[in-house]
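Shown next, in structure tokens, is the structure this report addresses.
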Amino acid sequence: MQEFTRKIGEIKVSAMGLGCWAIGGQFFLDGKADGYGNVENGESIRAVRQAYDLGITFFDTADAYGAGHSEVLLGKALKGIRDKVVIASKFGNLYNEETKEVSGVDYSPGYIRKALKESLRRLQTDYIDLYLLHIWSLPEEEAEIVAETLDELVQEGLIRAYGWSTDLLDCAKMFASRKNCSAIEHNLNIFESAEAIIDICESNNLASINRSPLAMGLLSGKFNTNTKLPQNDVRGAGHEWVQYFEDGKPKQEFLDKLSSAREILTSGGRSLVQGALAYIWAVGDNTIPIPGFRNVKQAEENARAMEFGPLSKEQINEIDYILGRK
């Protein structure tokens, strides 16, 4: 199979990464579940290794995922192959590793250094390839202080590059032109285009790293009007910011849109998941989807999407027309 790669700055990675939110297991925000329920640690580690064997070289995590547990598992899974993979992690959230509660934010220079030190310990590494600010929005003068601290960490060899995980255009612009900024992480899937941020990424030679490429699992096709996810799952916990589910049920508008686009997404022998990822590769030259996973089977299905590559421009136009964007 021909290698399918993209770049984060000067760092070559597989055209898809794996998002490691779900394997962090249970943790809480505002007293509500913020993870995807309980997971089996051994299965998570096997899934990461299987994805690597299938060509995945990029893994995205955060210190808050499972209040550190996602980083711990990823560090174990990548032991012995650290120099062959690229790791992104995120900072900015306060959390308690014992109670698994996320309790606020801190982006002061001192805290950034403390958070990085802890992430390096959990990941069993002495550097992080891409370090992402994990706070939705900051005033420009405060973002400048964060960026200056990150520039220092690049100079010290503790991180190779940095970026911002945000869907806000103004925030993306604050970091985009900085020398050591290599990526903006943002939502992107068939339901949610992000043309303006993708344009910023392409014009500044940044990677567009795409979270929620499967719309929190809705694009797997396994949910219907009878689905009811439990309260220990972020999709059923009652968070107002969860877009595609409400009280554990997939929103009908998205089920209808998926039904309309299903035939195109499953073209050429693709599964729905693989079609959803193929859509993302087709809408930009810098896009890198990071679908989540809970087991080996899901990691394999994600990774094998690279064998099919992107949808055609004609198929993208047809999906946009069906979904009312053209």
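How many of the residues making up the range 190-203 are outside any helix (DSSP H, G or I) and in contact with a Lys or Arg (Cβ under 9 Å, 6 or more places away or on another chain)?
The qualifying residues number 3.
Looking at the range 281-304 only, could you name the residues that are charged (D, E, K, R), assigned to a helix (DSSP H, G or I) and in contact (Cβ under 8 Å) with a residue 40 or more places away in the chain?
Glu300, Arg304, listed by residue number.
Based on what the data block shows, is Asp30 closer than 19 Å to Lys100 by Cα, in contact (Cβ under 8 Å) with a residue 12 or more places away in the chain and surrounded by fewer than 17 Cβ atoms within 10 Å (Cβ to Cβ)?
Considered against the rule, which asks whether it is closer than 19 Å to Lys100 by Cα, in contact (Cβ under 8 Å) with a residue 12 or more places away in the chain and surrounded by fewer than 17 Cβ atoms within 10 Å (Cβ to Cβ), Asp30 comes out as yes.
Six or more apart or on different chains, Cβ atoms under 9 Å: show the pairs whose first residue is in the range 151-162 and closer than 7 Å to Asn180 by Cα and touching a residue at least 24 places away in the same chain (Cβ under 8 Å) and whose second is part of a loop (DSSP other than H, G, I, E, B) and polar (S, T, N, Q).
Final answer for the pair search is Asp151/Asn180; Ala161/Asn180; Tyr162/Asn180.
Which of the residues spanning the range 204-217 are assigned to a strand (DSSP E or B) and closer than 17 Å to Cys20 by Cα?
Correct list: Ile209, Asn210, Arg211.
Applying the selection to the range 49-95, what residues are in contact (Cβ under 8 Å) with a residue 60 or more places away in the chain, crowded, with 24+ Cβ neighbours inside 10 Å and part of a helix (DSSP H, G or I)?
The one that is in contact (Cβ under 8 Å) with a residue 60 or more places away in the chain, crowded, with 24+ Cβ neighbours inside 10 Å and part of a helix (DSSP H, G or I): Ala51.
Has the range 134-152 got any residue that is in a strand (DSSP E or B) and under 15 Å from the mean Cα position of the chain (by Cα)?
There is no residue in the range 134-152 that is in a strand (DSSP E or B) and under 15 Å from the mean Cα position of the chain (by Cα).
Do we have Tyr321 as hydroxyl-bearing (Ser, Thr, Tyr) and either closer than 22 Å to Arg49 by Cα or touching a residue at least 40 places away in the same chain (Cβ under 8 Å) (or both) here?
In short, no.
Quickly run through the range 214-253 and pick out the residues that are among the hydrophobic types (A, V, I, L, M, F, W, C) and either on the phi > 0 side of the Ramachandran plot or surrounded by 15 or more Cβ atoms within 10 Å (Cβ to Cβ) (or both).
Leu214, Ala215, Met216, Leu218, Leu219, Phe223, Leu229, Val234, Ala237, Val242, Phe245
Identify the residue in the range 4-48 that is in a strand (DSSP E or B), in contact with a Lys or Arg (Cβ under 7 Å, 6 or more places away or on another chain) and of a type in the set (A, V, I, L, M, F, W, C) and, among all such residues, is farthest from Gly75 (Cα to Cα).
Phe28
We did not get these values from a lab; they are worked out from the coordinates using the rules stated. Everything numeric here is computed off the predicted structure, so don't read it as measured data. Every residue, glycine among them, receives a Cβ derived from its backbone with ideal geometry; neighbour counts consider all protein chains shown.
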